[in-house]
1. Please identify the pairs in which a residue from the stretch 147-162 that is on the phi > 0 side of the Ramachandran plot has its Cβ atom under 8 Å from the Cβ atom of a residue that is modelled with pLDDT of 95 or more, counting only partners at least 6 apart or on another chain.
2. Scan the stretch 84-97 and give yes if some residue there is over 29 Å from residue 36 (Cα atoms) and in contact with a strand residue (DSSP E or B) (Cβ under 9 Å, 6 or more places away or on another chain), otherwise no.
3. If residue 12 passes every condition in (1) assigned to a strand (DSSP E or B); (2) at pLDDT below 95; (3) under 18 Å from the mean Cα position of the chain (by Cα) but one, which one does it miss?
4. Of all residues in the stretch 149-167, which are surrounded by fewer than 12 Cβ atoms within 10 Å (Cβ to Cβ) and in a strand (DSSP E or B)?
5. Is one or more of the residues making up the stretch 22-29 under 14 Å from the mean Cα position of the chain (by Cα) and modelled with pLDDT of 95 or more?
6. So which of 96, 92 ends up being in contact with a helix residue (DSSP H, G or I) (Cβ under 8 Å, 6 or more places away or on another chain), exposed (fewer than 13 other Cβ atoms within 10 Å of the Cβ) and either modelled with pLDDT under 85 or under 26 Å from residue 6 (Cβ atoms) (or both)?
7. For the stretch 40-58, name all the residues that are more than 28 Å from residue 130 (Cβ to Cβ) and either modelled with pLDDT under 90 or touching a helix residue (DSSP H, G or I) at 6+ places or on another chain (Cβ under 9 Å) (or both).
8. Among the residues of the stretch 83-119, write down those that are in a loop (DSSP other than H, G, I, E, B), within 19 Å of residue 40 (Cβ to Cβ) and within 14 Å of the chain's Cα centre (by Cα).
């Protein structure tokens, strides 16, 4: 799958009810990203199939989604564990300085003094702000740094150059 044109929007974590609804752990901030009538691709381990969203509802910490053609629990259970991808051009244009996680993951991270720290391996959601998990694959210590996604810490993100520059708070490297 072309990860430039498609974004991972969530993961199917369970079936809901007997009519084929699915529980999706959403990576999106808003349920509005999942629009009825939109096409999605479900993918994992070489399996890839397109579906059309029939309806969507928020549900606790997940999103309930029904796909056309998935009409019973048995069929829904077959889809549990798959990643849900949407075409980037179907999503809202983000405002300046806001990025999709897929744009952040993989960026090379440097300090403002140009010291290499590693690459963004993942993004963690916290109550107040996201945290970038930066892993150093070159064997330098620390092997992992947690960088808060705050303007005064993350000074620059250049998605085209695949670089992030950070000004780490005192003591952060000793974690």
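The values are calculated or read from the model by the stated rules, or taken from the named source; none is laboratory data. No experiment lies behind these values; they were computed from the predicted model shown. Using ideal geometry, Cβ is built from the backbone for each residue, glycine included, and neighbour counts are taken over all protein chains shown.
1. Sorted first by the residue in the stretch 147-162, then by its partner, the pairs are 162/107; 162/108.
2. Quick first cut of the stretch 84-97, residues over 29 Å from residue 36 (Cα atoms) only: none.
Looking for residues that are over 29 Å from residue 36 (Cα atoms) and in contact with a strand residue (DSSP E or B) (Cβ under 9 Å, 6 or more places away or on another chain), one finds none in the stretch 84-97, hence no.
3. So the condition that residue 12 fails would be (2).
4. Across the stretch 149-167, the qualifying residue is only 158.
5. Going residue by residue through the stretch 22-29, those that are under 14 Å from the mean Cα position of the chain (by Cα) are 24-29.
With modelled with pLDDT of 95 or more added as a condition, the list becomes 24.
Yes.
6. On the way: 96 fails: in contact with a helix residue (DSSP H, G or I) (Cβ under 8 Å, 6 or more places away or on another chain).
So the residue among 96, 92 that is in contact with a helix residue (DSSP H, G or I) (Cβ under 8 Å, 6 or more places away or on another chain), exposed (fewer than 13 other Cβ atoms within 10 Å of the Cβ) and either modelled with pLDDT under 85 or under 26 Å from residue 6 (Cβ atoms) (or both) is 92.
7. 46, 47
8. Hits for the stretch 83-119 are 91, 100.
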